[in-house]
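Have a look at the structure below before the remarks.
The values are calculated or read from the model by the stated rules, or taken from the named source; none is laboratory data. Source: prediction; values computed, not measured. Backbone-built Cβ (ideal geometry, glycine too); neighbour counts: all protein chains shown. The area values use the complete protein model at the heavy-atom level, side chains included, leaving out ligands, DNA and RNA. Shrake-Rupley method; radii C 1.70, N 1.55, O 1.52, S 1.80 Å.
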Amino acid sequence: MNKTFKKALAVLLAVFMVAGFVPLVDLAPNTASAAVSTWNGSVDTSFVGNGTAGNPYVISSAAELAGLAQLVNNNSNWSNNKHFVLTADIDLNNREWTPIGIQYTTSGVTYTDRWFNGVFDGNGHVIKNLKIGTASNRTKIKHAGLFGIINSSARIYNLGIETANIYTQHLHADDRRGAMVGLSYTNSLILGCYARNVTINDSGTCVIGGFVGQNTGTVAYSYAYNVNLSVGGGRKGGFVGDNVDGSTASHCFVNYYPFLADNDGYYDVCYGETTVQGTASTYGMMFTSSSSNGGWPQLYWQSKNGLPFSNSAYRISSVEDLSLLAMLSSINTYEGRTISIENDLNLSSISNWTPIGMFGGTWLDSRFCFRGTLNGNGHIISNMTINSGGPYCGLVSIIETPGSIVNLGMENCTITQNNSDNARGGVIIGRMGRKTTLTQCYVKNSTVKNSSIGVTGVISGEVYSDASLTDCYSANSSATATRAGTVVGDLAGTVKRVYCYNSSSSSNSLTAQGSASNSHYNQSATVVNAAKGAYNAANAWVDDDYKINNSYIILKWQRDNLKFTVNLYDGSTKKGTLTPIYASNVTLPNYAKTGYIHNGYAYTNGGSKLYNAGTSYTMSNIASSALANGRLSTASNGSKTILNLYTLYTPITYTVAYRGN
């Protein structure tokens, strides 16, 4: 994983779910009270399910958890891309535990990995009384924890450990111990998990961490509490032992100092202190306050039967929200879910954006495709930077059936790819798969380039068969690659009612391969605007009356969301400023003035009354009237969106009657 995401992870948000392109299970982890399965030492591998995302293997007993360990430890490939869900709390009963994923040796020199490489959904359940060795009888083992070794496609989330005692004798200096995981490999993910009441004691020179021994992947929104660590001549960190180059720890804590023993990776919003640091909000919306962690917070799912989002829609209101949405796409395709952008988002704080649907993803890996609906709601995402060798680059890497993106603007974005002919890059989407749609979106002031022989488009790198990109435009942007278009790179589906202006591409056209219909390439505003009637099959376009798009027709939502500045004056004194959007109502305030009645507003000081004070009006009517009367001024961005109104006052008059004698 690259250091883009590392910065992105410094601003993340959280929910956890099973990955897959079939209908999702309920988003909320099962935090209702459940029966505890106590281990008697037996092993059961007769799991319910088939191991797919839609029908994961069900781990409902301690014996089945031990069965999972046995299957993984007998075959390093057995768990590859398989999905598991825990449906009961497990009490391991202080019986000797063999980690899920081990390294073993027959010669004492050469080690062979047997790693876990699947998706494990803890589903809000807890594993209790984990024991590996004792103080008087230490276990000789390479890597130790509930999971010994997890590989690059492994995901572990929504899982808790209560009481872990690990006493080991090291085999080599690079042995690793942690309550949750001993050793995690690159691109693995541990998310929304915790371990409490942990003792790890090794007599040798290995590295131990209260939660993870060595992190080479990503661990986020997790914590350890009440840890006791001891190592003979090695290193120890309260949460992570070694955080190696390329790794990320984010939004995590432990009530132990130091947080980690050695760091060559990235970590942020992480604390290792004996005294409480911050509040639940410090660590992100995945946490909530707690009375059981000595003042430290706990995970949301520990105390609430649900998630920080509603089950039908995700409301993205911050960069943190959007970043974690991207990370969570490694375990969820969001099929059947609507992602709703609630604010304009500036991604300048993220040095290298990791696309939605691309966290650890590989070429055409359907587990990592976005299949939900992303509704921009007329908001703008700006200053996204991607420097990647990944196969698909954009805000979203790959979108597949029945995914869609609507009503979104993107500005001032830069994508630089270094990849082969298979690479696809676009500011909004890298690749649109079958029966996907992108409509009523735009990209401005952006560049997409591939220094190798890939395919790029300003909006989308590829629109595949049966996919549809309609009612969009690009402006002041460029795309360069072997095949590149100012809207789309390779086109096998449908592109219509699109245009570009002041834009360039290696192919000098809207598309590098395939043809767009009813569209315009770098033609004048006069030509494009004359085609508005033909463009308006979806009633998506309006004239650029307020000059936000160099006089070219704009998407209707751009006008409806356009913010105006209404300055209110009493003579030369400014009384206040309103900032309504075009499609909103605005109430013009009533300003009190001694000896006067405030009865309205005019375009000029002492002019004819136009509006009543204290009355609500539609901003669209105010704006259109001001435009027609030449009363709109130009803002710093060139738009005609500033209006000055002047108060009108009437003196209060009194009639005095005198009664004669």
(message) How large is the accessible surface of Ile339 in square angstrom, using a 1.4 angstrom probe and rounding to the nearest 10?
(response) 0 Å²
(request) Quick one: grab the alpha carbon gyration tensor of the range 408-503, order the square roots of its eigenvalues as a ≥ b ≥ c, and give me rounded if a/c is under 1.5, else prolate or oblate depending on whether a/b is larger than b/c. (result) oblate
(request) Would you work out the charge dipole size for the range 561-661 about its Cα centre, treating the Cβ of every Lys and Arg as +1 and the Cβ of every Asp and Glu as -1, and quote it to the nearest 20 debye? (result) 80 debye
(message) A 22 angstrom limit on the alpha carbon distance is what I want to check against. Which of Lys593/Lys640; Lys496/Lys532; Lys563/Lys593; Lys532/Lys563; Lys449/Lys563 exceed it?
(response) Lys593/Lys640; Lys563/Lys593; Lys532/Lys563; Lys449/Lys563
(request) Report the far tail of the P(r) of the range 54-101, meaning the percent of Cα-Cα pairs longer than 12 Å. (result) 65 percent
(request) Find which of Asn226, Asn263, Gln214 sits farthest along the positive direction of the dipole of the range 203-274, computed with +1 on the beta-carbon of Lys and Arg, -1 on that of Asp and Glu, about the Cα centre. (result) Asn226
(message) Viscosity 1.306 mPa s, temperature 10 °C: give me the Stokes-Einstein translational D for the range 103-242 in µm²/s, with Rh taken as the Kirkwood radius over C-alpha pairs.
(response) 110 µm²/s
(message) Against the empirical 2.2 N^0.38 Å scaling, what ratio does the C-alpha Rg of the range 168-294 come to?
(response) 0.97
(request) Using a 1.4 angstrom probe, figure out how much accessible area the range 196-250 has per residue, in square angstrom, rounded to the nearest whole. (result) 21 Å²
(message) At 0.36 nm per residue, and after removing the present C-alpha to C-alpha distance, how many nm does the segment from Thr494 to Ala135 gain when stretched out fully?
(response) 122.5 nm
(message) Give me the one-decimal nm value for the distance between modelled label points at Glu342 and Lys435, 7 Å along each residue's Cα-to-Cβ direction.
(response) 3.2 nm
(request) Bin width 20 Å, alpha-carbon pairs only: give the P(r) of the chain as whole percents, running from 0 to the bin holding the largest distance. (result) 18, 41, 27, 11, 2, 0, 0
(message) Over the range 483-534, what portion of Cα pair distances is larger than 12 Å, expressed as a whole percent?
(response) 58 percent
(message) Name the residue from His172, Asn644, Ile428 whose Cα lies farthest towards the positive end of the charge dipole of the chain, charges +1 on Cβ of Lys and Arg and -1 on Cβ of Asp and Glu.
(response) Asn644
(request) Place a +1 charge on the Cβ of each Lys and Arg in the range 108-225 and a -1 charge on the Cβ of each Asp and Glu, then give the dipole magnitude about the Cα centre in debye, rounded to the nearest 20. (result) 200 debye
(request) Quote the charge dipole size of the chain about the Cα centre in Debye, to the nearest 20; the model charges only the Cβ of Lys and Arg (+1) and of Asp and Glu (-1). (result) 1320 debye
(request) Compute the accessible area per residue over the range 367-433, keeping the other protein chains in place, probe 1.4 Å, unit Å². (result) 22 Å²
(message) Can you give me the long-range amide H partners of Gly485? Hydrogens built in the peptide plane at 1.01 Å from N, cutoff under 5 Å, separation of 5 or more residues or another chain.
(response) Thr456, Gly457, Val458, Ala512
(message) Can you give me the % of accessible surface on the chain that is carbon or sulfur? Probe 1.4 Å, all protein chains present, nothing else counted.
(response) 44 percent
(request) Please report the orientation-averaged projected area of the range 521-661, defined via the convex hull of its C-alpha atoms, in nm². (result) 11.6 nm²
(message) Testing the spin-label approximation: label points 7 Å from Cα along Cα→Cβ at Ala583 and Thr38. State their distance in nm.
(response) 6.0 nm
(request) Specify which residue in the list Asn50, Gln513, Ala475 is farthest towards the positive end of the charge dipole of the chain, using unit charges on the beta carbon of Lys, Arg (+1) and Asp, Glu (-1), about the Cα centre. (result) Ala475
(message) Please state the shape class of the range 471-511: rounded when a/c is under 1.5, otherwise prolate if a/b exceeds b/c and oblate if not, all from the C-alpha gyration tensor.
(response) oblate
(message) Using only DSSP helix segments of four residues or longer, with each worth -39500 (n - 2.57), what per-residue ellipticity at 222 nm results for the chain after dividing by its residue count and rounding to 500?
(response) -2500 deg cm²/dmol
(request) State the extension gain, in nm to one decimal, for the chain segment bounded by Thr401 and Ser292, taking 0.36 nm per residue of separation less the distance between their alpha-carbons. (result) 34.8 nm
(request) List the pair-distance distribution P(r) of the range 446-561, using every Cα-Cα distance, as the percent of pairs falling in each 5 Å bin from 0 up to the bin containing the longest distance, rounded to whole percents. (result) 3, 14, 23, 23, 19, 12, 5, 2, 0
(message) If each residue of separation counts as 0.36 nm, what is the full-extension length gain between Asn536 and Thr565 once their alpha-carbon separation is subtracted?
(response) 7.5 nm
